[in-house]
Structures are given as C-alpha cells and as structure tokens.
Amino acid sequence: MRYSRLWTGLGLVILISFAILGYYGGRIYQTMPPVPKKVVTTTGKVLFTEKDIKEGQNVWQSIGGQELGTIWGHGAYVAPDWNADWLHREAVWMLNRYAADQFKKPYQQLDDEKKAMLQARLKKEIRTNTYQPETGNLVISPLRAEAVSHISRHYSSLFGSDPKLDDLREKYAIPEGTVKNPGRMKSLNAFLFWSTWACATNRPGSDITYTNNWPHEPLIGNHPTGEMVLWSVVSFVLLLAGVGALAWYYATQQHDEIGSEDHFPEKDPLLALSPTPSMKATLKYFWVVGILWVIQVALGAVTAHYQIEGSGFYGIPIAEWIPYSITRTWHTQLAIFWIATAWIATGLFVAPAVSGREPKHQRLLVNILFVCLVIIVIGSMAGQWYAVQERFGLKSNFWFGHQGYEYTDLGRFWQLFLTIGLFLWLFLMLRAIWPALKKKQNDRHLLILFMIASTAIPLFYIPALMWGQHTHLAIAEYWRWWVVHLWVEGFFEVFATVVIAFLFTRMGLLRTATATASVLFSTIVFLFGRIIGTFHHLYFSGTPIGVLALGATFSALEVVPLVLIGFEAYQNLTLTRVRPWVQAYRWPIYYFIAVAFWNLTGAGLFGFFINPPIALYYMQGLNTTSVHGHTALFGVYGMLGIGLMLFCLRGLTQPSIWKTKALSFSFWTINIGLALMVLLSLLPIGLMQTWASVEHGTWYARSAQFMSQGIIHTFVWLRTIGDTLFAIGALVLGWFVLGLKTGWSLTGKRLPYAEKTKDV
C-alpha cells in the first residue's frame with residue numbers, strides 16, 4: 001500500500017494550519033488593547049501608570065491568577081469574573097451619580113425613558129475610545145475617575161481584611177488578607193481597571209470592543225455582534241457538511257481491509273517478549289501516576305466544597321493553609337502531570353519492544369528522568385504555595401512561584417526544567433526506536449509517524465516559554481492555548497493513537513498496512529480542525545475579528561471525526577472476542593472504549609455545545625465550560641492514560657493472571673461517577689448560569705447573589721454522589737495497581753496461552 005498521498009495531505013494540513021495560526025499571532029500584536037503609559041483625567045490627574053498595570057498583572061498572577069475567579073472569562077468558577085464584576089459596579093455607580101445629579105433620585109427609581117437617556121450617556125462615556133496613540137495616555141473624565149476610585153476601595157477591602165466584607169470573601173473563597181501590601185493592591189486595581197477597560201472600549205474606527213463586546217452587559221450596550229451570529233450559523237452548516245462527507249467516506253471504505261479471524265494469532269505475541277531493564281524501570285512511573293491521581297481527586301473534592309464553605313472543609317479551617325486558589329491550582333496541574341506521566345511511561349515501555357533492542361544505559365537514563373519528574377512535581381507545587389502566601393517578590397514569583405495561567409501555572413524555572421526533561425524523554429525514545437527505523441520493514445511508515453508524534457510532545461511545550469514576566473495578557477493567552485489545546489489536547493492524542501496502533505499490530509490484532517493508513521488518515525482529519533480550532537479559546541481575548549471567524553469554523557470541524565467514534569468503540573470491543581488470550585487485555589481495551597464514549601460526549605457534544613461564538617458569548621467562564629473540561633480532560637485523556645497504563649502493567653506482570661473484580665468495579669464506578677458529577681451538578685448549574693447571563697448579564701451569572709441561592713447549593717451538594725463514586729473507583733484502581741506489586745491483585749496462576757519468553 002502506498003501512503004504518499006496521505007503523507008502529502010498531512011504535511012499540507014500542518015503547514016497551512018500553522019501558517020494561519022502564526023499569521024494571526026502577528027495580527028494580535030497589532031490589534032490587542034494597548035497598555036497606556038498613564039491613565040489620566042482630563043484635568044491632568046494621574047490615576048495609574050504603565051508600570052502599575054504591568055505589576056498589577058504580576059500581583060494577580062501571584063495570588064493565583066486564573067485560579068481565583070476569571071479575567072476575560074478564563075479561569076476558576078467560584079469567585080466572579082473580575083472584568084464583568086468591575087464593569088457592572090462601574091456602570092451602576094455612574095448611573096446612580098447621573099441620576100442623583102440630574103434628577104435627585106437613585107437610578108432605579110427613574111422611569112424607563114429617563115433610564116434609557118442615562119444609559120445612552122453612559123454608553124458614550126464608557127465605550128468611546130479615549131486612548132491617545134501620540135502620547136500613549138488614556139484620558140478619562142473626572143467623574144469616571146471617581147467611579148474607579150470607589151471600585152478600587154471595594155477591591156482593596158475585599159482582598160484585604162475589612163470585616164464588613166467577611167461574608168463576601170466567604171462566598172468568593174478568598175482568604176482574609178490575600179493582598180497585604182497596599183502598593184501591590186494599588187497595582188492590582190490598575191490591572192483590573194485596564195483589563196475591564198478593554199472589555200468596554202470600542203476598537204479604533206469600530207463599534208465593537210477589544211474583546212468583541214464580551215462580557216454581556218446591557219447597561220453599556222455590550223451585546224453579541226452580527227459576526228458572532230453569522231459565524232455560529234456557518235459552524236452549524238460546516239458541522240453537518242463535514243459529518244456527511246466523513247460518513248460517505250467511511251461507507252465507501254467498508255469493503256477494504258476487512259480481515260478474517262485467520263490472521264489473528266492463536267497465542268499472545270506480547271507474552272513471548274521479556275521486559276528489558278528499562279521497560280521494568282517504568283513501573284515506578286505508573287505508581288506515581290496512581291499516587292498523583294488519588295491526590296488530584298482528593299483536591300477536587302476540597303475545591304468543589306469551597307463553593308459551599310469558602311473558608312474551610314466541613315468546619316476545618318483549611319483555607320488558612322491551602323486556600324481555594326491553591327487547591328484548584330494543584331487539582332488542574334496534577335491532572336496534566338499524571339496523564340502526561342502515564343503517556344510518557346508508555347512511550348518508554350513500548351520503544352524497546354518496537355525495536356527489539358535495549359540501548360546502552362537506557363535504564364539509568366529512565367531512572368534519572370523519573371527523579372527529574374518527582375522534583376518538578378514537588379518543587380512546582382511548593383513554589384505555588386509560597387507564592388500565594390506572598391512570600392515571593394514578583395520576579396521570584398515568575399521564576400519559582402505561580403504564573404497564574406490555568407494549566408500552565410508552573411514558575412518559569414520549573415517550565416524550563418520540564419522542557420529539558422521532555423527532550424531527554426525524546427532522546428530516550430529515538431535511541432530506542434532508531435534501530436527499527438533503519439530496517440526496511442512494512443511498519444516503517446508507522447514508525448516514522450511514531451517519531452514525529454514523539455518529537456511534537458517536547459516541541460509543543462516550548463510555547464509555554466514564549467511569554468515573559470510582563471508580556472501583554474492577549475499574547476500570553478495566545479501562547480497558553482498553544483500549550484493547552486495543541487500540546488495536551490492535540491499532539492499527545494496523536495501520540496497515543498500511534499501507540500495504540502503499535503500495540504494492536506504487535507499483538508496481531510491489526511494488519512500493519514491497515515493501521516498505518518488508518519492512523520495517517522485519522523491524524524489528517526483530526527489536525528485539520530484541531531490546529532486552527534485553537535482560536536475558539538480566543539474569541540474574547542483582545543484578538544482580531546478573523547480569529548472569531550476561523551475559530552468558529554474549524555472548532556466545528558474538530559467535532560466531525562468524533563461522530564464515527566462509535567465504530568471505533570465497536571471495533572475495540574470486537575477485538576476482545578477474537579481470541580481467548582485477548583481477554584487478558586479486556587480492561588485496558590474497555591478503557592479505550594470509554595475514551596471513545598467520552599470523546600463523543602465530552603469533547604464532541606459538550607465541546608460543540610459551548611464552541612459556537614454566540615453560545616460561548618453567554619457561557620464563557622460558566623460551569624458549562626467545566627462540563628466540557630471534566631468530560632474531555634479526564635473522560636478522554638485521563639481514561640486513555642489509564643488504559644495505556646494497564647496495557648503496560650499487563651506486559652510487566654506477565655504471565656500471571658489478574659484478579660479483575662477490582663478493575664471491573666473501578667471502571668464502572670469511575671465512569672458512572674463522572675457522568676453523575678456532570679448530569680446532577682455541573683450541567684444544571686451551568687444551564688441556570690447561562691439563563692442568568694442571557695437575561696441579566698455575565699456579572700449576575702457569576703455573582704455571589706446568584707451562586708449562593710439555595711437551589712445552586714442543592715445542586716452543588718448533589719455533586720457529592722458522583723464525586724463519591726468517582727473517588728471510590730479511583731482508590732480501588734490504585735489499590736489494584738499496588739496489588740500487582742504486593743501480589744493481592746494476582747491469582748498466582750499462569751495465563752494458559754503463555755509461552756516461554758524471549759529477551760527483547
């Protein structure tokens with residue numbers, strides 16, 4: 001079988017997609033909201049300087065950043081979106097001042113005609129762009145300066161220790177004295193003002209704000225734009241067209257490469273291989289995977305409880321030691337760590353088996369990499385804790401503390417350390433695979449794709465190093481989503497797909513030609529939507545209109561390959577029945593089936609539910625995003641990591657028979673728990689928030705007033721049902737993995753199809 005067309009297609013998709021991604025990265029530099037040299041009144045009074053705003057961004061990062069409320073809609077869900085909150089407070093204050101000056105009444109006591117007149121005046125005041133490019137100054141009226149001063153005092157009290165705001169701090173899960181230094185607090189207010197100004201101010205020569213009229217705020221006329229509606233409709237049409245085209249293609253290929261049972265081996269080929277020293281050394285990686293996962297689940301429970309009890313956990317004042325911003329940071333960061341560790345360890349396990357060769361000193365280097373991993377995990381978590389306690393200066397915080405960007409919170413030193421570790425891993429992979437690549441075998445194309453996918457893993461973590469301590473927020477967001485969307489959600493999945501194909505071909509369950517063509521085609525379709533689809537995260541992050549159009553279009557195409565995921569699930573299920581020996585791999589394959597299910601529901605249905613611009617306009621920063629986050633990150637990538645781990649553990653514990661009751665119990669409780677977590681809590685809360693956002697504005701959907709309602713708390717408590725099942729499943733799976741070492745997960749009997757092993 002010739003693959004030249006597939007390779008050409010893959011090369012064109014990658015080249016064109018990254019050219020577009022890079023072009024609009026350059027456009028962001030030209031269209032992002034400017035950081036003024038000074039914020040001054042028309043009378044010449046200086047409120048803030050450029051230094052204040054940039055240092056304020058660093059202060060915001062040091063207290064948790066996106067792990068404590070949201071900015072431009074990105075971050076955590078307990079505290080408010082600070083921009084929506086500031087904007088509404090500013091609008092209400094100014095309307096009341098207008099009403100008092102002109103009508104001697106509070107704004108709410110006026111009739112509709114007078115309210116409309118004052119709103120028109122407010123809209124002109126707030127949305128008119130008064131930034132002066134020639135001086136670099138932002139000029140505002142003395143009245144607006146009074147509003148800024150009023151709101152700044154509110155935030156100083158909130159992040160400080162004012163006892164009058166104890167109740168509000170409790171609802172926001174913000175510890176007393178979060179920002180103790182008055183100078184830092186002034187800078188934080190400067191950053192909050194500037195980032196909100198970008199949400200409310202029209203771009204030069206336009207009637208649309210820098211954030212495409214986000215957040216929804218009727219008082220100043222922040223409403224969805226026509227472009228949002230147009231490109232949302234286009235995304236719906238493209239989704240239907242893409243589904244139809246892929247279904248047609250799939251139907252035309254049904255007659256190809258359908259194998260019979262004759263080519264399936266009678267005995268397990270993997271049992272004929274004896275694990276090498278470096279393959280055995282990966283076992284401790286999987287122990288770490290289990291430990292980190294259990295800790296992550298526990299931190300998730302604590303983080304969720306903070307929504308009910310903002311300063312403690314069932315009466316225990318844990319916020320004094322690990323406040324919400326830290327538990328959520330560690331919860332999201334550990335998810336990346338344990339999932340990535342599972343996939344990296346799988347690569348280290350598979351590589352020598354693929355080539356049939358153990359490179360010199362491979363085991364030593366695998367152990368060195370393991371030590372580096374442990375140091376990075378512990379060191380980065382400790383640095384983040386010190387940062388939130390205000391024990392770092394702002395520069396030290398950037399290097400060793402908390403960067404405040406969700407999923408990329410590690411200090412720069414730890415990011416550099418991790419990058420070096422990933423390139424060491426790539427070196428270990430290439431030196432193990434290279435002997436096989438030099439052979440002219442029929443799996444050479446699959447090996448090349450394996451090497452490309454392996455190279456992409458360290459390569460696409462480099463964007464985490466592309467922003468500096470004072471980089472503009474819009475640019476930092478652009479590069480952050482390269483890491484989150486392309487590194488975690490993109491090339492790690494390509495890598496995992498290739499690894500699974502290798503495993504199945506080595507087991508004799510797939511023909512090499514079939515696997516190669518399938519993986520190449522799947523990668524083309526997947527990356528065609530995925531790379532440019534990165535833009536759907538950036539609709540409201542100070543980006544140009546073209547980002548909205550491309551993000552809407554290609555995020556719809558991301559969903560297209562997922563509609564046929566049921567066929568993949570069925571084929572995986574069928575594989576468990578082709579020969580009796582395949583039953584030994586039943587539960588790893590079941591986890592791959594779960595991946596297919598959550599890929600369709602979590603990444604597909606719940607992803608497209610929020611991806612169209614008109615939907616995300618109202619849902620940005622609400623629990624609907626959390627629905628997608630949990631079902632896609634854990635449901636797809638977490639399940640995939642567990643499945644790969646079990647596959648490798650099966651090879652490391654050969655030829656013993658497993659006791660699988662614990663595996664069965666954990667599989668079903670984890671999946672049912674995840675479903676109940678979403679259906680009983682996150683989704684209902686997210687839908688109620690969406691209604692509130694549409695009716696009243698983004699500020700209200702995230703406000704303490706809305707989120708502290710009895711019905712919201714009821715749905716939060718209902719989450720404990722799913723959380724408990726999920727946590728029990730995680731503990732049982734961890735118990736099973738530990739039992740593979742101690743012996744309680746083994747029957748003591750040999751697999752009936754095991755033969756004498758041979759060295760790799």
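Structural remarks
- For Lys123, the lysines whose Cα comes closer than 19 Å to its Cα, not counting residues fewer than 8 places off in the same chain, are Lys114, Lys115.
- Other-chain or far-sequence residues with amide H under 5 Å of Thr209's (modelled H): Arg203
- Packing-based ranking of 584-594, 620-630, 416-426, 369-379 yields 620-630, 584-594, 416-426, 369-379, ordered from highest to lowest mean Cβ neighbour count within 10 Å.
- At full extension, Ile16 and Arg2 could sit 2.7 nm farther apart than now, given 0.36 nm per residue minus the alpha carbon distance.
- Counted residue by residue at 0.36 nm each, then reduced by the alpha carbon distance between them, the extension gain from Lys180 to Met117 reaches 18.5 nm.
- Diffusion coefficient of the chain by Stokes-Einstein, Kirkwood radius over Cα pairs, 25 °C, 0.890 mPa s: 90 µm²/s.
- The stretch 42-91 versus the stretch 345-365: alpha-carbon centroid distance in Å: 48 Å
- The stretch 593-680: Cα Rg divided by the 2.2 N^0.38 Å rule of thumb: 1.34
- Degrees between helix 565-575 axis and first principal axis of the chain (Cα, 0 to 90, nearest 10): 30 degrees
- Extension gain (nm, one decimal) between Val229 and Lys124, 0.36 nm per residue minus Cα-Cα: 35.3 nm
- Reach of Lys395 by Cα under 18 Å, taken over lysines that are not fewer than 8 positions away in the same chain: Lys51, Lys54, Lys180, Lys186
- Using only alpha-carbon positions in the stretch 288-414, the gyration tensor eigenvalues give semi-axes of 33, 18, 10 Å once each is multiplied by 5 and square-rooted (largest first).
- The coefficient of translational diffusion for the stretch 299-349, derived via Stokes-Einstein from the alpha carbon Kirkwood radius under 25 °C and 0.890 mPa s, stands at 203 µm²/s.
- For Asp166, Asp409, the ranking by accessible surface with the largest value first comes to Asp166, Asp409, using a 1.4 Å probe.
- With a cut-off of 11 Å between beta carbons, the residues surrounding Asn137 carry a summed charge of 0, where Lys and Arg count +1 and Asp and Glu -1.
- Prolate/oblate/rounded call for the stretch 12-109, Cα gyration tensor, a/c under 1.5 rounded: prolate
- When a 1.4 Å probe is rolled over the protein heavy atoms, the share of accessible surface on the chain that falls to carbon and sulfur comes to 64 percent.
- Bridge type composition, the chain - antiparallel percent by DSSP, nearest 5: 65 percent
- Using alpha carbons only: equivalent-ellipsoid semi-axes of the stretch 399-472, gyration tensor based, whole Å: 34, 12, 8
- Separation of alpha-carbon centers, the stretch 641-688 and the stretch 171-222, rounded to whole Å: 41 Å
- Exceedance of the 26 Å cut-off in Cα-Cα distance is limited, within the set Lys105/Lys171; Lys360/Lys439; Lys280/Lys360, to Lys105/Lys171.
- In this label model, Phe313 and Thr42 are separated by 5.5 nm, measuring between points 7 Å along each Cα→Cβ vector.
- Each helix, a run of at least 4 DSSP H residues, gives -39500 (n - 2.57); summed and divided by the residues of the chain, these come to -20500 deg cm²/dmol at 222 nm.
- Whole-Hz ³J(HN,Hα) from phi, Karplus 6.51 cos²θ - 1.76 cosθ + 1.60, for the stretch 205-217, glycine and proline x: x, 9, 10, 10, 6, 4, 9, 6, 6, 8, x, 5, 9
- Euclidean distance of C-alpha centroids, the stretch 592-616 and the stretch 123-156, integer Å: 40 Å
- With N the number of residues in the stretch 632-760, Rg(Cα) / (2.2 N^0.38 Å) evaluates to 1.54.
- Taking the C-alpha atoms only, the angle from helix 182-200 to the longest principal axis of the chain is near 90 degrees.
- Normalised contact order of the chain, rounded percent, pairs of Cα under 8 Å and 6 or more residues apart: 19 percent
The values are calculated or read from the model by the stated rules, or taken from the named source; none is laboratory data. Computed from a predicted model, the values in this text were never measured in an experiment. We place every Cβ from the backbone using ideal geometry, glycine too, and count neighbours over all the protein chains shown. Side chains included, ligands, DNA and RNA excluded: accessible areas come from the protein's heavy atoms. Shrake-Rupley method; radii C 1.70, N 1.55, O 1.52, S 1.80 Å.
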